[in-house]
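K.L.:
The structure is given below, and queries will be raised subsequently.
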Amino acid sequence: MKTLLYLVTSGTKPHSPVIVKKLGSAGYTVKTAAFDGDCREEADVFIIEGEAPAALRRAAGKLHTGGKPVLFALPSKGGSSQDSLPEHKIITEDSSEREIRIILSAALDAHNTPSSLPDKEQPKSERSGQQSMQIPAHSPVGIYRSTPDGRFLIVNATLVDMLGYDSVEEVLALDIPTDVYADAEQRKLLMQKINPQTNSQGVVIQLKRKDGSTIFCRAFSATRSDEDGTILYYEGILVDITAQVEAEHALRESQEQLASIFNFVPIAISLNTWPEGKFIAVNPAFEKIFGLSREQTLGKTSLELKLWDTVPEELRAFNRELREKQLVIDSKVAYNHPQLGLRHLKLSSELITIHGQEHIISIVSDITERVLGEQALRESEEKFSAIFRFVPNAIVLSSYPGCNIRDCNPAFEKIFNVKREQIIGKTNFELGVWPTDDFRERVIARLGEKQYIENGEVEYTTENGEKKFLLFSAERMNLAGEDYIVSIFTDISEQKHNEFLTRESEARFRHIYENTPIMMHSINRENKIINVNNYWLEKTGYSREEVIGQDIYFLMTAESARRAREETIPKFWKEGLARDIEYQFITKDGTIIDVIVDCQATIDPAGQEISLTVVRDVSELRKLVKELQESEERYRSLVDLSPIPVAVHTDGLCTFINPAAIKVLGGKSAEDFIGRSVMDFVHPDHKAIIQERIRKAFDEKVEPTLREEKLLRLDGTPVIVELLGTLIEFNGKLSLQIVFHDITSRKMAEAQATRFGRILKNSLIEIYVFDAETWRFLQLNEGALINLGYTDKELHEMTPLDLKKELDEKQFSKLLQPLLAGEKEVVTFEATHTRKDGSRYPAEIHLQYVQASEQNVFIAIALDITKRKEAEEARKKLEERILHTQKLESLGVLAGGIAHDFNNLLTCILGNSSLALMDIGPTAAARQNLIDIEEASRRAADLCRQMLAYSGKGKFVIKPINLSKIVEDLTQLLEVSISKKAVVKFNFADNLPLIEGDVTQIRQVVMNLITNASDAIEEKSGVITISTGAMECDREYLKQSWMSVDLPEGVYVYLEVSDTGCGMEQETINKIFDPFFTTKFTGRGLGLAAVLGIVRGHHGAIKVYSEPGKGTSFKVLFPCAKQQTEDSSDSRRLAAKNIQGSGTILVADDEDTVRAISRRILEQAGYQVLTAQDGREAIEIYKKNKDKIDAVLLDMTMPHLNGEEAFRELRRINKDVIVVLTSGYNEQEATGRFSGKRLAGFIQKPFQALDLMKTMHEALQNAPGRQTGPAPTED
């Protein structure tokens, strides 16, 4: 017994005990419960009771039934309260037990339950074998279940389609006797044949469709009853046999026609016994062809009648072939007609069985006329046969007016998916070529009136269900005295598909026609205007309402209208094409304008022949030509200034050309063209045409009309022009004046417009068209499909909001509002698109609103700006780095300038203190003060060197060095320089490449970094790790470092100093290399600034990694040295306190104190000294004393002439001059401009007395041909 769960939407007890009782009586186990929005119990059927249908529907939607049926219980039946619920699912207190059983049984069967009724009520026939009805969704036959009073309970989709309805609900609402049966009496008869003991087997009935048409069906029906024999419902199958009934009807008609055909067909037909060959029946045509009466023929053989001019052997061969093949077709025989003489006949015979006896039926045609013409036609027939077989168009030959197919070509078989032997003798209608009888009758009638049909369209469905659109032309012709129809079919399915796509987009692109700056109009065969574009209205001054429907002649002057009526328009409608027709139009305000029109005949969508006309206003051009002809002087002055290209040629040579024409043809002046053949500037494709036009102009005085031509520029590139010619007298000779203008850009634009659709379709730019109301996508190009990863079908079910997850409906509507309000033509915004795989990318959207007659749409062009965003981010980072670099460089310049000026002061202090120490004794009271001054000056000089190091202009002595070795050499010094709580670990790489650098500067870098690491550890215990190594650095890695803007990729040697100290915030990291920035109480803020300057001076980079509380790591990168061997030789040192020299030294420096101290030091060393306060004075002194001066001490930075300029002038005076350069900057920076110029030496400020003595002594000693004294020694 089946279980039924009875739920109520409110309260804790069922509202209707009556219904519960009836359900129990019907054989169901009933469980009741209250429904509060959730139910997890299981049952075979669920019933929900309540008052409001809407509440019942909502409750049903929340049930978890596992696919089991749901019914509705209402207190009483009737009223509007249940209108929105399916009637076959409603149970009321008024429902009888029988009605309840029917409703429950139908519900269970509809949900494919094993049995239609409870076990208690299930009929015996159903209990044995479980024959309950299942309803397949897509059965090829109609399946139904109905109540005894004529209402459908269940129908399948096939039956809905058979009856022509759109939904199951429509069919369930039908009254079967009145709405379904064509004749209600048929249903009564069918019901009489059905009883609980028998079923109806194949009763033919006629049913009505929704559209009023009828169909024939074969019905197989049965009843389902309870144990009392009461019929619960009917169920059955309906098979559509409409085609079969119609075919049987056609067969009966053909049998009736057969007898009349035998008597009236113009072909001789006879029936003979077999094998005797005696005639037992002949038709009137037989009597006529053979000249024998029926009485003369019957009972005799063909030999007795001497019908065939054959010998017995031939007759026996004929009979043998007939016996073997059962059919002999088109056997040609000769016959001597009693009156007409020799006749040629064609005989076809077939063995048939009539009432168990074999007979011969023969058809004889008189082919005398055909035989006589066969020889002449044979060649043409062979050609036609080849064309017939191989032409790609389908050709079929059928009788007229019966349309029986006589022959077809292979193309016909392919297009219609048939075999020739299957269709010969059938009609076009039977084949399905003509969709309806009415269509066929119209075709036959048209062929009867006009003999032919051109370009008709028909839709054809092949046997496998494929639909094809065909274009057909047919002609009625007489062949051998009989009328036939020759039909040609062309498969235009693809074309129709393209037309469908074109129609969809016509509305969107119609504005191109309306807004093109060319006058365009269309007229019909009655020469009435049917369409004009906006530019046409603008030029004529009329409104559209004023011109539509008017004769085209109303717009013309009298002469133009006469010529149009009598000549040009009739000729155009005959030929379908007209070019360069000249008219005069009258605008609304009375102005007469000269125009040239081009016309093309075409067929509009309604099938009417119309003219598409392009009108060019040449009034201004005509006016200009007329004015040019009035006066040659005026002509020249006007044409020279005219923006319109003009040229004149006489006797085939160019005699005049204006600047505009020179420019178009790519020349520089008129000399490039004057005297040359005009054909030199004509494109080869157009030479023949232009030569003929020139000939007609001079010989026949036919002036060339405005046409498009292709010319050549001087460089050989083609240029497309519109060209108009006029005969004029130029320099006393008949000449041809050519006025033209360059339309190359316009033609390219037109060509581009034709490619526009294809380009947009295949473009990788995303293009979307979506409905203005629903926002659903209508069209998308390949770029959108490829970038998003969706299929075209998937995107057609989506809207822009499905792609732009961050936008809601309200935000998107706000974006569209300016377009809908007409405030903007295009709205541009950025959004994030989501691909099918979930990935996202930024897009720039350009949105436009297009209003069309059929449908308003939005067109969106989306650009994937991922690369742009990445580039912007990279550019932002680069700008920040460049800005920071510029800041550091500016500070470096400032520090270098300060250090340079300070060095000049220190030079004076150190020099004087050094001299004072040389002059006083070791026990002098002031000696310690001088020593303190000298020590303080050295520390100040060290500070200057750090500032110069930061600026990258410190003193560098460059040589190949091993970075690991430098660190090893500092090991002892490091141990006493760092915190006692810090542990130092070393990690040196083997075979480390050398770098090029200054050992002292690199040591300073190491010491500064390790000192900072020790300070970061503070009072806690920590580890300092010093590592060296080499690594490959790419551009991306170097971008993240300090001072890496211009560094090349490659192998770099690195020094990494890591600590486990306090670490730094990012804000601190950004400032650590700034001069004077420090986090220490006693720091000067120059340690890391100097490190950065030294690394920058060595063309290296610094990477900084730090986290607060975890520590810091500095990685310094140096490029590998080109020379990978260490320089073991040190510079020779001059070591002597008492260095004596001789000769005259010129000291040039703009600082008074530097000049003074330098003079005192050199004089103490035994030299005579001359001084100059700037470069210019130094040159003047040297000119006067060049034979006396042995060397020059030259400052790099001086007014008037700097060190470089002064050196160049000194070399001009004496190419062997000895010059020692001095500067506050490092040697590389200062001497870089003197490379290869034989500079004798360099000394950096500030310097001590001994340093200057040593440098000058060495410079003079190394000079060619000079020896200043013994080699210096150091004590």
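K.L.:
Working carefully through the options I205, I237, I261, find the one that is under 30 Å from E287 (Cβ atoms) and not in a loop (DSSP other than H, G, I, E, B).
P.N.:
I261
K.L.:
Residues in the stretch 431-451 that are surrounded by 14 or more Cβ atoms within 10 Å (Cβ to Cβ) and not in a helix (DSSP H, G or I): how many?
P.N.:
Number satisfying all stated conditions: 3.
K.L.:
Here's a follow-up. Take A852 and tell me if it is assigned to a loop (DSSP other than H, G, I, E, B) and either among the aliphatic types (A, V, I, L, M) or modelled with pLDDT of 90 or more (or both).
P.N.:
In short, yes.
K.L.:
Across the stretch 564-585, what is the total count of residues that are of a type in the set (D, E) and touching a Cys at 6+ places or on another chain (Cβ under 6 Å)?
P.N.:
The total comes to 0.
K.L.:
Would you please list the contacts, defined by Cβ atoms under 7 Å and residues six or more apart or on different chains, that run from a residue in the stretch 222-237 that is within 12 Å of P148 (Cβ to Cβ) to a residue that is in a strand (DSSP E or B) and of a type in the set (D, E)?
P.N.:
R224/E235
K.L.:
Further, regarding this structure: Which of the residues belonging to the stretch 464-503 are among the hydroxyl-bearing types (S, T, Y) and within 34 Å of the chain's Cα centre (by Cα)? Quick ask: steps written out before the conclusion?
P.N.:
As a first pass, look at the stretch 464-503 and keep what is among the hydroxyl-bearing types (S, T, Y): 473, 484, 487, 490, 493, 502.
Of everything in the stretch 464-503, those that are among the hydroxyl-bearing types (S, T, Y) and within 34 Å of the chain's Cα centre (by Cα) turn out to be T490, S493, T502.
K.L.:
Right, next: Residues to consider are R693, R755, R746; find the one that is touching a Pro at 6+ places or on another chain (Cβ under 7 Å), outside any strand (DSSP E or B), modelled with pLDDT under 90 and of a type outside the set (G, A, S).
P.N.:
R693
K.L.:
Would you mind telling me which numbered condition in (1) over 30 Å from V857 (Cβ atoms); (2) in contact (Cβ under 8 Å) with a residue 40 or more places away in the chain; (3) not in a loop (DSSP other than H, G, I, E, B) M520 fails?
P.N.:
(1)
K.L.:
Only one of (1) within 17 Å of A394 (Cα to Cα); (2) at pLDDT below 80; (3) not aliphatic (A, V, I, L, M) fails for E463. Which number is that?
P.N.:
E463 satisfies every listed condition except (1).
K.L.:
Next question, about the same structure. Cβ-Cβ distance below 8 Å, separation of 6 or more or different chains: which pairs start in the stretch 186-197 with a residue that is at pLDDT 75 or above and end on one that is assigned to a loop (DSSP other than H, G, I, E, B) and buried (at least 17 other Cβ atoms within 10 Å of the Cβ)?
P.N.:
R187/G150
K.L.:
Something else now. Is there a residue in the stretch 699-708 that is part of a strand (DSSP E or B), modelled with pLDDT of 80 or more, closer than 22 Å to D672 by Cα and in contact with a Lys or Arg (Cβ under 9 Å, 6 or more places away or on another chain)?
P.N.:
No; the residues of the stretch 699-708 include none that is part of a strand (DSSP E or B), modelled with pLDDT of 80 or more, closer than 22 Å to D672 by Cα and in contact with a Lys or Arg (Cβ under 9 Å, 6 or more places away or on another chain).
Okay, residues lined up against (1) without any contact (Cβ under 8 Å) to a residue 40 or more places away in the chain; (2) assigned by TED's automatic domain parsing to the domain that holds Q972; (3) touching a strand residue (DSSP E or B) at 6+ places or on another chain (Cβ under 9 Å); (4) more than 15 Å from A1101 (Cα to Cα):
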residue	(1), (2), (3), (4)
E996	no, yes, yes, no
V999	no, yes, yes, yes
N1008	no, yes, no, yes
T1011	no, yes, no, yes
T1028	no, yes, yes, no
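K.L.:
Yes or no: the stretch 1240-1249 includes at least one residue that is aromatic (F, W, Y), modelled with pLDDT of 85 or more and in contact with a strand residue (DSSP E or B) (Cβ under 8 Å, 6 or more places away or on another chain).
P.N.:
There is at least one residue in the stretch 1240-1249 that is aromatic (F, W, Y), modelled with pLDDT of 85 or more and in contact with a strand residue (DSSP E or B) (Cβ under 8 Å, 6 or more places away or on another chain).
K.L.:
Among the numbered conditions (1) buried (at least 23 other Cβ atoms within 10 Å of the Cβ); (2) farther than 25 Å from L915 by Cβ; (3) of a type outside the set (S, T, N, Q), tell me where A1148 comes up short.
P.N.:
Exception for A1148: condition (2).
K.L.:
Please give the number of the condition E276 fails out of (1) outside the structural domain of I154 (by TED's automatic domain parsing); (2) without any contact (Cβ under 8 Å) to a residue 12 or more places away in the chain; (3) assigned to a loop (DSSP other than H, G, I, E, B).
P.N.:
(2)
K.L.:
Looking at the stretch 1027-1042, can you tell me whether even one residue there is aliphatic (A, V, I, L, M), surrounded by fewer than 19 Cβ atoms within 10 Å (Cβ to Cβ) and at pLDDT 80 or above? Lay out the reasoning, then the answer.
P.N.:
Let us first name the residues in the stretch 1027-1042 that are aliphatic (A, V, I, L, M), namely 1030-1031, 1038.
Restricting the remaining residues to those that are surrounded by fewer than 19 Cβ atoms within 10 Å (Cβ to Cβ) gives 1030-1031.
From the residues that got through so far, the ones that are at pLDDT 80 or above too are 1030-1031.
Yes, the stretch 1027-1042 has at least one match.
K.L.:
Against the definition (farther than 20 Å from T427 by Cβ and either more than 60 Å from the chain's Cα centre (by Cα) or surrounded by fewer than 18 Cβ atoms within 10 Å (Cβ to Cβ) (or both)), how does T242 come out, yes or no?
P.N.:
The answer is no for T242.
K.L.:
Going by the conditions given, is V1006 within 23 Å of P1119 (Cβ to Cβ), at pLDDT 85 or above and of a type in the set (A, V, I, L, M, F, W, C)?
P.N.:
Judged against the criteria, V1006 is a match.
K.L.:
Got a number for residues in the stretch 512-550 being in contact with a helix residue (DSSP H, G or I) (Cβ under 9 Å, 6 or more places away or on another chain) and under 18 Å from S619 (Cα atoms)?
P.N.:
So the count comes out to 8.
Residue-wise test of (1) in contact with an Asp or Glu (Cβ under 7 Å, 6 or more places away or on another chain); (2) loosely packed, with under 15 Cβ neighbours inside 10 Å; (3) under 30 Å from N658 (Cα atoms); (4) at pLDDT below 90.
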{"site": "V739", "(1), (2), (3), (4)": "no, no, yes, yes"}
{"site": "N762", "(1), (2), (3), (4)": "yes, yes, no, yes"}
{"site": "I767", "(1), (2), (3), (4)": "no, no, no, yes"}
{"site": "D771", "(1), (2), (3), (4)": "no, yes, no, no"}
{"site": "A784", "(1), (2), (3), (4)": "yes, no, no, yes"}
{"site": "P800", "(1), (2), (3), (4)": "no, no, no, no"}
{"site": "L820", "(1), (2), (3), (4)": "no, yes, no, yes"}
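K.L.:
Only one residue in E314, E295, E321 is loosely packed, with under 11 Cβ neighbours inside 10 Å, in a helix (DSSP H, G or I) and without any contact (Cβ under 8 Å) to a residue 40 or more places away in the chain, so which one is that?
P.N.:
Values: E314 fails: loosely packed, with under 11 Cβ neighbours inside 10 Å; E321 fails: loosely packed, with under 11 Cβ neighbours inside 10 Å.
Residue meeting the stated conditions: E295.
K.L.:
Return only the number of the condition from (1) assigned to a strand (DSSP E or B); (2) of a type in the set (S, T, Y); (3) within 19 Å of A1090 (Cα to Cα) that T1028 does not satisfy.
P.N.:
Checking T1028 against (1) assigned to a strand (DSSP E or B); (2) of a type in the set (S, T, Y); (3) within 19 Å of A1090 (Cα to Cα), the one that fails is (3).
The values are calculated or read from the model by the stated rules, or taken from the named source; none is laboratory data. Just so it is clear, the model here is predicted, and its values are computed rather than measured. With ideal geometry, Cβ positions are generated from the backbone for all residues, glycine too; neighbour counts draw on all protein chains shown.
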